[in-house]
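The values are calculated or read from the model by the stated rules, or taken from the named source; none is laboratory data. In this text, all values refer to a predicted model and were calculated from it rather than measured experimentally. Please note: Cβ atoms are built from the backbone with ideal geometry, for glycine as well, and neighbour counts cover all protein chains shown. Protein only, heavy atoms only, side chains kept; ligands, DNA and RNA dropped before computing areas. Shrake-Rupley method; radii C 1.70, N 1.55, O 1.52, S 1.80 Å.
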Amino acid sequence: PAQAKAGNYSKDHIHVHGLDISIENARGSYRHGVGKDGKPWKSRLPAHYGYIKGTVGADLDHVDCYIGPHIRSPHANVIDQLNADTKAFDEHKCFLGFPSKFAAVNAFHEAFSDGKAGQRFGHVTEMTMDEFKNWLHEGNTKKPIRYKAAA
């Protein structure tokens with residue numbers, strides 16, 4: 001358990017469009033933890049889930065990503081994820097290997113078991129892989145790409 005909490009455990013590694021990605025959870029597996037309210041949660045993953053090595057996101061960890069079944073897809077979709085309670089920007093969730101923006105958004109919604117995916121959804125931005133790589137390395141991965149505060 002201590003190794004898992006520290007992220008110090010064996011992970012699968014893949015390369016997608018030249019990006020080095022560590023897979024923390026395989027498609028169909030469960031992520032679990034304890035929420036701020038002290039209640040345990042568990043969610044079945046609709047796609048492989050991990051992070052892009054060599055990047056830093058808003059939570060000061062690597063930028064998170066989901067890997068879909070169409071890894072040759074020439075587009076990436078980045079969702080500005082919000083805090084479900086405050087609506088403040090939380091972090092990005094990137095979707096690689098999805099055939100469309102619609103498929104990426106569906107996977108985002110499927111990844112949450114608490115019924116609050118809609119409250120976490122800020123905005124989705126579709127990019128070419130070149131635009132995505134540029135954003136990862138030259139853009140600001142700590143701020144939302146496009147964010148409007150709730151009225």
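A compact table of results
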read-out: Hits in segment 69-83 - residues which are closer than 9 Å to Leu96 by Cβ and under 12 Å from the mean Cα position of the chain (by Cα); value: Ala76, Asn77
read-out: Neighbours by Cβ (under 6 Å, 6+ apart or cross-chain): first from segment 85-112, closer than 21 Å to Leu136 by Cβ; second open to solvent by 50 Å² or more (accessible area, probe 1.4 Å) and outside any loop (DSSP other than H, G, I, E, B); value: Lys101/Glu126
read-out: Odd one out for Glu126 among (1) open to solvent by less than 40 Å² (accessible area, probe 1.4 Å); (2) part of a strand (DSSP E or B); (3) farther than 19 Å from Asp20 by Cα; (4) in contact with a His (Cβ under 9 Å, 6 or more places away or on another chain); value: (1)
read-out: Conditions (1) closer than 23 Å to Lys142 by Cβ; (2) surrounded by fewer than 16 Cβ atoms within 10 Å (Cβ to Cβ): number failed by Pro40; value: (1)
read-out: Segment 1-41, subset of a type in the set (D, E, K, R) and part of a loop (DSSP other than H, G, I, E, B), residue modelled with the highest pLDDT; value: Arg27
read-out: Qualifying residue in segment 129-151 (condition: among the aliphatic types (A, V, I, L, M), open to solvent by 20 Å² or more (accessible area, probe 1.4 Å), over 18 Å from Val16 (Cα atoms) and within 15 Å of the chain's Cα centre (by Cα)); value: yes
read-out: Qualifying position, being crowded, with 19+ Cβ neighbours inside 10 Å and either closer than 24 Å to His17 by Cα or of a type outside the set (Phe, Trp, Tyr) (or both), among Leu82, Leu60, Leu45; value: Leu82
read-out: Some residue of segment 106-114 being in a loop (DSSP other than H, G, I, E, B), of a type outside the set (Ser, Thr, Tyr) and either open to solvent by 70 Å² or more (accessible area, probe 1.4 Å) or touching a Phe, Trp or Tyr at 6+ places or on another chain (Cβ under 8 Å) (or both); value: yes
read-out: Residue match in segment 15-33 (condition: in contact with a Leu (Cβ under 7 Å, 6 or more places away or on another chain), β-branched (Val, Ile, Thr) and surrounded by 13 or more Cβ atoms within 10 Å (Cβ to Cβ)); value: yes
